[in-house]
């Protein structure tokens, strides 16, 4: 009985025509949106070429050194990672941080 009712409902819906519309199209003139203007061309810059006869430039400034506390903490972590006992970690860290 239920199958017969379902079949009748489906046949009725199919015979009625179009069941549902995904988009409602209203009559009237279509509005054309103009295309945006193209982006400006990219700037092309020629890279500076090194001169063959120019002397090389070096940066002679030394790298900044971390504070003693930062170096000591890192040395303690390294000693713990290496598996040293707590008594040997301090000795290792003192020698490592200086």
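Laboratory data are not the source of any read-out in this text; all were calculated from the coordinates shown. Just so it is clear, the model here is predicted, and its values are computed rather than measured. Heads up, the Cβs are rebuilt from the backbone with ideal geometry, glycines too, and the neighbour counts pull from every protein chain shown.
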Protection proxy ranking, peptides 47-54, 84-91, average beta carbon neighbours within 10 Å, highest first
84-91, 47-54
Any idea what Rg and Dmax come out to for the stretch 29-68 if you just take the C-alpha atoms, in Å?
26.4, 78
Which length gain, in nm to one decimal place, applies between residue 58 and residue 43 when the Cα-Cα distance is subtracted from 0.36 nm times their residue separation?
2.3 nm
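By how many nm would the segment from residue 78 to residue 2 grow when fully extended, if each residue of separation counts as 0.36 nm and the alpha-carbon distance is taken off? Write out the running numbers ahead of the final one.
Numbers: separation 76, 0.36 × 76 = 27.36 nm, distance 7.68 nm.
Between residue 78 and residue 2, full extension yields 19.7 nm more.
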